[in-house]
């Protein structure tokens, strides 16, 4: 798998979320940005387990993504974050990203991987990014593909 392309494809899929009126669109990037325009989703660190099948046939990646929301109002920021972290609905990052799995029998992320699954949310807390505080959380995505 070409991880730069995989990360960009995940970020593209995340842009499909629809936030409540008046909030604006989610910005997203396939890399850790210098600065964020909130709300912002980005792909961060990842780990790779090589050779899950013989002959370099399959690798498994755990991709850590973050979503950060501005904290002009603590309660409304957490309400926005909660909608992004929900398991379903128009603002659900899980739902938007898993659409990129494709139809049964198709490769995920436009052919970049065999499959993906948004496994869990963790780290719901305050984050500092480039000196600014945001409320945010991490999404852990499991991606499998050719080695």
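Rule-based calculations on the coordinates, nothing more; no lab input. What you see is a predicted model; the values in this text were computed from it and never measured. Every residue, glycine among them, receives a Cβ derived from its backbone with ideal geometry; neighbour counts consider all protein chains shown.
Quick notes on this one:
- 0 to 90° range, to nearest 10: angle between helix 74-85 axis and the chain longest Cα axis: 20 degrees
- Folded to 0 to 90 degrees: helix 3-14 orientation relative to the chain principal axis, Cα: 50 degrees
- The ranking of 134, 46 by Cβ neighbour count inside 10 Å, starting from the fewest, reads 46, 134.
- Listed values [x] 18.2, 62; [y] 15.4, 53; [z] 16.9, 61, entry calculated as Rg and Dmax of the Cα atoms in Å: [y]
- As a calculated quantity, the FRET efficiency between residue 51 and residue 31 at R0 = 25 Å, using C-beta atoms, amounts to about 0.40.
- Segment 14-57 and segment 111-144 have Cα centres separated by 7 Å.
- As a proxy for reagent exposure, ranking 34, 74 by other Cβ atoms within 10 Å from fewest up yields 34, 74.
- Which of 48, 135, 67 has the fewest Cβ neighbours within 10 Å, and the rest in rising order: 48, 135, 67
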